[in-house]
Amino acid sequence: MTFRNITGTFDVLPDESQSDGSTVPGTSAWRHVERTVHDVMALFNMQEIRTPVLEPTELIARGVGQLTDIVSKEMFAFERGDTHYVLRPEVTAPVMRAYLQHHLQQRGGVQKLYYIGPCFRAERPQKGRYRQFHQFGSEIIGTPDPRADAETIAAMMAVYRALGVTDVRLRLNSLGDETTRPTYKNILREYLEPHAHQLSKASQERLRTNPLRILDTKDEKERALLAGAPLLVEHLGDDARAYYDEVKHCLRDLDISYAEDPFLVRGLDYYTHTTFELESPNLGAQSALAGGGRYDLLAEELGSSVRVPAVGFAAGFERLFLALAAEQVELPGAASPQAFLVALGDEAARRVLPLAHALRREGIRTGLDLKGRSMKAQMREANRQSAAFAVIIGDNELAAERAQVKRMDTGDQVEVPFSELARMLATGVLPTQA
Ligand code: HAM
């Protein structure tokens with residue numbers, strides 16, 4: 001019997017690999033992207049937070065919303081004893097939980113947090129859509145200032161720019177405040193009800209429970225029907241409209257272009273005011289690279305006695321990699337050793353172990369043969385691993401405490417005393433005379 005990874009998940013190997021017809025970049029590419037996220041978030045003065053992958057089911061149900069697809073259809077949830085667990089489908093509700101639980105407001109000022117980690121949704125797997133996927137994102141908690149919305153969008157866009165993804169489109173909308181939505185829901189329901197028989201089964205259900213979600217339908221017939229629908233943005237109150245105008249103003253000041261999309265409602269229920277999505281035209285059906293918005297009511301939904309205004313975004317690594325590939329951005333491969341020790345004979349095979357250890361203590365990435373292979377096979381291995389230098393040691397070299405150092409790309413070779421190996425390898429330059 002053999003085992004395979006679960007469909008909709010994938011292994012990340014040292015080198016690029018294939019999984020269910022998709023290319024999975026190697027670990028070095030992942031680390032490059034992760035490092036870029038850390039660096040860009042540091043530029044925006046965001047601090048990292050790590051929350052558990054397991055959360056109470058009720059947190060996600062209340063936070064994301066009972067009627068959303070994520071909660072009603074896509075949760076990996078289970079029980080042990082009296083506890084209901086869920087593998088987190090997203091990180092915003094968990095971050096808000098942590099903020100409330102640890103009274104992070106006591107740190108003073110606005111909390112600017114970011115995260116990187118796996119999320120889980122039981123969706124039908126396809127290109128760019130997985131059951132275990134990986135997000136990075138930020139949450140700015142504790143301010144109702146529209147500039148925080150702009151900073152969030154700017155931080156999100158800066159990651160793509162830093163990585164070399166340029167072909168992106170930002171869609172923007174406002175869902176208004178807590179009074180806008182219920183009013184508009186009724187207006188939309190009134191408009192759609194006479195056409196209910198033309199709606200899909202799913203949309204008929206939504207018409208009853210959550211008509212706003214019909215707005216982002218992909219069904220052409222429903223879209224045509226919606227073309228004449230009253231728009232939420234037309235029903236914003238004065239404050240919500242002023243807020244939205246200010247966000248747009250800030251984005252223009254930041255030279256961030258956007259397209260307003262009155263149908264952008266997003267699949268999570270916690271949003272108020274600003275919502276946005278970043279898309280790539282290169283991704284096909286799963287075109288959303290990232291999305292987010294303001295969620296001023298989430299904290300109270302999670303039991304806070306005070307309002308905690310907040311705004312954030314989250315982005316998927318897998319779709320980011322698709323966009324990088326579409327734009328033919330080169331990503332770094334695995335780091336190769338600076339030195340590969342080649343031992344000739346039993347005595348040398350023993351002695352290269354402490355020698356490798358000494359070099360590593362000096363910070364030299366060092367590989368060696370662990371199979372007792374022939375010199376030819378060891379040289380081939382040095383080559384396969386793209387080692388900069390092969391360090392060849394036999395009985396003569398041991399006696400003289402000197403190694404033959406061969407530069408792999410040119411084939412040049414000189415003798416270097418053991419005592420000078422680390423210094424020489426660190427410079428990466430072969431001395432003309434040792
Ligand atoms: P979301 O739009 O559900 O928002 O997910 C954000 C991003 O995660 C998506 O744009 C997509 O790139 C990626 N993603 C989602 N589901 C999958 C999947 N099954 N496979 C691959 N990638 C996926 C949120 O999660 C919100 N928490 C965003 C947010 C943060 N709002 C405020 N703060």
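Annotations for the structure displayed:
- Residue within segment 249-262 that is of a type in the set (D, E, K, R) and under 26 Å from R307 (Cα atoms) present: no
- Each residue in segment 185-238 was checked for being surrounded by 14 or more Cβ atoms within 10 Å (Cβ to Cβ), of a type in the set (S, T, Y) and part of a helix (DSSP H, G or I), and 2 pass.
One line per residue, one yes/no per condition, for (1) under 30 Å from T23 (Cβ atoms); (2) under 13 Å from the mean Cα position of the chain (by Cα):
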residue: Q126; (1), (2): yes, no
residue: Q132; (1), (2): yes, yes
residue: G137; (1), (2): yes, yes
residue: A150; (1), (2): no, no
residue: M156; (1), (2): yes, yes
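- Residue in segment 42-63 that is among the small types (G, A, S), within 15 Å of the ligand (Cβ to nearest atom) and touching a residue at least 60 places away in the same chain (Cβ under 8 Å) present: yes
- Positions within segment 375-401 being in a helix (DSSP H, G or I), touching a residue at least 40 places away in the same chain (Cβ under 8 Å) and hydrophobic (A, V, I, L, M, F, W, C), in sequence order: A382, L398
- Look at segment 251-269: where a residue is over 27 Å from K218 (Cβ atoms) and a partner is among the charged types (D, E, K, R) and within 16 Å of the ligand (Cβ to nearest atom), sitting 6+ places away or on another chain with Cβ atoms under 9 Å, you get L254/E151.
- In the set (1) open to solvent by 20 Å² or more (accessible area, probe 1.4 Å); (2) at pLDDT 90 or above; (3) within 33 Å of the chain's Cα centre (by Cα), the condition left unmet by V247 is number (1).
- Members of segment 246-262 found to be touching a strand residue (DSSP E or B) at 6+ places or on another chain (Cβ under 8 Å) and either closer than 17 Å to A290 by Cβ or within 15 Å of the ligand (Cβ to nearest atom) (or both), listed by number: V247, L251, I256, S257, Y258, A259, D261
- As a summary of the residue check, G109 satisfies the conditions (1) more than 10 Å from the ligand (Cβ to nearest atom); (2) in contact with a helix residue (DSSP H, G or I) (Cβ under 7 Å, 6 or more places away or on another chain); (3) at pLDDT below 95 except for the one numbered (2).
- Strands (runs of 3 or more DSSP E) wholly inside segment 302-374 containing at least 1 residues that are in contact (Cβ under 8 Å) with a residue 24 or more places away in the chain, open to solvent by less than 50 Å² (accessible area, probe 1.4 Å) and of a type in the set (S, T, N, Q): 366-368
- A315 vs. criteria within 21 Å of G26 (Cβ to Cβ) and away from the ligand (no atom under 13 Å from the Cβ): no
- Across segment 163-184, the number of residues qualifying as surrounded by 15 or more Cβ atoms within 10 Å (Cβ to Cβ) and in a helix (DSSP H, G or I) comes to 4.
- Residue check, A77 crowded, with 19+ Cβ neighbours inside 10 Å and of a type outside the set (D, E): no
- Count - residues of segment 293-305 that are at negative phi and either among the hydrophobic types (A, V, I, L, M, F, W, C) or near the ligand (Cβ under 9 Å from one of its atoms) (or both): 6
The values are calculated or read from the model by the stated rules, or taken from the named source; none is laboratory data. Predicted model only: the values in this text are computed from it and were never measured. Here the Cβ is made from the backbone with ideal geometry for all residues, glycine too, and neighbour counts use every protein chain on show. Each accessible area value is taken on the protein alone, full model and side chains, heavy atoms only, with ligands, DNA and RNA left out. Shrake-Rupley method; radii C 1.70, N 1.55, O 1.52, S 1.80 Å.
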